[in-house]
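Heads up, the thing below is written out as structure tokens.
The values are calculated or read from the model by the stated rules, or taken from the named source; none is laboratory data. Treat the numbers as computed from the prediction; the structure is a model and nothing was measured. Glycine gets a Cβ as well: all are built from the backbone with ideal geometry, and neighbour counts include every protein chain shown. Accessible surface is based on the protein model in full, side chains and every heavy atom, while ligands, DNA and RNA are left aside. Shrake-Rupley method; radii C 1.70, N 1.55, O 1.52, S 1.80 Å.
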Amino acid sequence: MDEKNADTLVELYDPDTHIYNAMGVMLLHPRRVAFIVPEHARFVYEQYREEYMALWRSRRCVPESVETILTSGSDIRKLADAISRYSGDGVVLDIEGGTPELYLAAGYLYGRVPGSFSCIRTDFADERITVYGAEDGEPVRRPFTKEEHDRISISAQECIRIYGGSVGKNTISDLRASGMTDARIRDDVRMMWRAMLRHSRRTWNSVVPDMFHPAGEGSLDLYVNGNDEKIKHVRTLISDLIDAGALRFRNQSGSRRYYRCRSRAVMSCLRKAGELLELYVNCIANEVAGGGAICGVNLSFDGEEGSSDNEVDCIFTRGCTPVFISCKNGRVGSEELYKFAAVTQQFGGKAKVAILVAPSLAYGSDDIPDRRIRSIRERADLYNINVVTDIYTASWNEAVSEFRRVSGAAMRDIVR
């Protein structure tokens, strides 16, 4: 029996990685699915079950029958009896998920009646399927096909909805609404990044946004006060931006010197100190994920309005695994790490990757003592937050490779 002949899929429900239970149906397209749900996980299951249905409808793979078996206690034989309600030809038990008791019960049942169903472990992070129940007794392990990868690939918005949230205002949507294409956003952001790296890496935060003033809401014009432009690092940054093609001089009125921004993306980078880093990381994320990354994201939960505590600098997905990124081009505090960890847990459970991009946490930093850096890194490790520091010194290709490596390694560590 192999997984492609699944008539009935049995899912061991796990509230910490419950997105994987939805993915099983998308991968195998069974006629019937049965969820074995521990009583303590009933609330989470019932709260978000409709989101499963919405996702399946969007992929046209809604099973004819969706059944739920609630279990309680830790008696392995009773749990095995609950699972054994589904047995026979065409029954596949997915053991990716579930409590330890359910794992033991599944193993007990399989050992007692090995021919009653086949077992698969669907490793969504590593994109591999292991099938147990071959005639020679040896498990068969294989990678996803491209078609299977495409079946379980979801957007950042879909992932957030699975966890009861919704994506509100975000920078990428705003730039698209202004008429910018994704390619134009990428090109202008990378142009700004190169201009910043020429001379302003250490002085950017002291210039942006305090020295640049929008000429009006919705305008691409901004001005710099004459006294400010006399400051060497302000004058240097303006010169580098003009040479890069990001700004062009328009006119002078009194003590104000007016410049025209090349695009809304350029203006956005000059209105918020951390915007350039967020947009640059978002471009890298798009390269890693093949598109779909969003940044400056405001998230709301269960229909409530979003808040500053629910803002994420960048989100993208690799297959069905959400990757959350926090960007800090200045100092990083323990409270910020805690908030980031809480938001990623709320909107990604344990089936997620969290990355902190913080150049200041490189050892030997001029701004932060090594002991302080060590303390912040240890706290990040406690929260399962991966730290990337070499964003300024890495080339574009090196940065893409590093984000692909870090996110991939973190995916393989999920729920191990």
Kindly list the number of the only condition in (1) more than 18 Å from V25 (Cα to Cα); (2) without any contact (Cβ under 8 Å) to a residue 24 or more places away in the chain that fails for E39. (2)
Check whether at least one residue in segment 261-271 is open to solvent by 10 Å² or more (accessible area, probe 1.4 Å), touching a residue at least 24 places away in the same chain (Cβ under 8 Å) and part of a strand (DSSP E or B), and report yes or no. no
Determine whether segment 227-234 contains at least one residue that is open to solvent by 60 Å² or more (accessible area, probe 1.4 Å), within 35 Å of the chain's Cα centre (by Cα) and not small (G, A, S). no
When you check R379 against the structure, is it surrounded by fewer than 19 Cβ atoms within 10 Å (Cβ to Cβ) and over 15 Å from the mean Cα position of the chain (by Cα), yes or no? yes
Some residue of segment 281-304 being open to solvent by less than 30 Å² (accessible area, probe 1.4 Å), of a type in the set (D, E, K, R) and in a helix (DSSP H, G or I): no
Name the pairs whose Cβ atoms lie under 7 Å apart, with the first residue in segment 111-127 and under 18 Å from V33 (Cα atoms), the second open to solvent by 50 Å² or more (accessible area, probe 1.4 Å) and among the hydrophobic types (A, V, I, L, M, F, W, C), and 6 or more positions between them or separate chains? S118/M1
Buried (at least 21 other Cβ atoms within 10 Å of the Cβ) and modelled with pLDDT under 90: is that true of V332 in this structure? yes
Return a yes/no flag: does segment 117-138 have any residue that is part of a helix (DSSP H, G or I) and open to solvent by less than 40 Å² (accessible area, probe 1.4 Å). no
Please enumerate the residues belonging to segment 254-270 that are touching a strand residue (DSSP E or B) at 6+ places or on another chain (Cβ under 8 Å) and at pLDDT below 95. S255
Please go through segment 91-113 and give me each residue that is surrounded by 16 or more Cβ atoms within 10 Å (Cβ to Cβ) and among the hydrophobic types (A, V, I, L, M, F, W, C), ordered by number. V91, V92, L93, I95, L102, A105, A106, L109
Going by the conditions given, is R404 in contact (Cβ under 8 Å) with a residue 12 or more places away in the chain, open to solvent by 20 Å² or more (accessible area, probe 1.4 Å) and assigned to a helix (DSSP H, G or I)? yes
Taking segment 83-119 and keeping only residues that are farther than 22 Å from M23 by Cα and of a type in the set (A, V, I, L, M), one is left with L104, A105, L109, V113
Quick one: is F347 within 30 Å of N21 (Cβ to Cβ), of a type in the set (A, V, I, L, M, F, W, C) and open to solvent by 10 Å² or more (accessible area, probe 1.4 Å)? no
Tally the residues that are touching a helix residue (DSSP H, G or I) at 6+ places or on another chain (Cβ under 7 Å), assigned to a loop (DSSP other than H, G, I, E, B) and of a type in the set (V, I, T), restricting the search to segment 200-231. 2
Only one of S178, S166, S200 that is among the polar types (S, T, N, Q), under 26 Å from V312 (Cα atoms) and open to solvent by 50 Å² or more (accessible area, probe 1.4 Å): S178
Hits in segment 65-90 - residues which are open to solvent by 70 Å² or more (accessible area, probe 1.4 Å) and either modelled with pLDDT of 95 or more or in contact with a Phe, Trp or Tyr (Cβ under 8 Å, 6 or more places away or on another chain) (or both): R77
Answer residue from segment 74-110, given it is out of contact with any Ser or Thr (no Cβ under 8 Å at 6 or more places or on another chain), among the small types (G, A, S) and touching a residue at least 24 places away in the same chain (Cβ under 8 Å) and is farthest from R128 (Cα to Cα) among those: S74
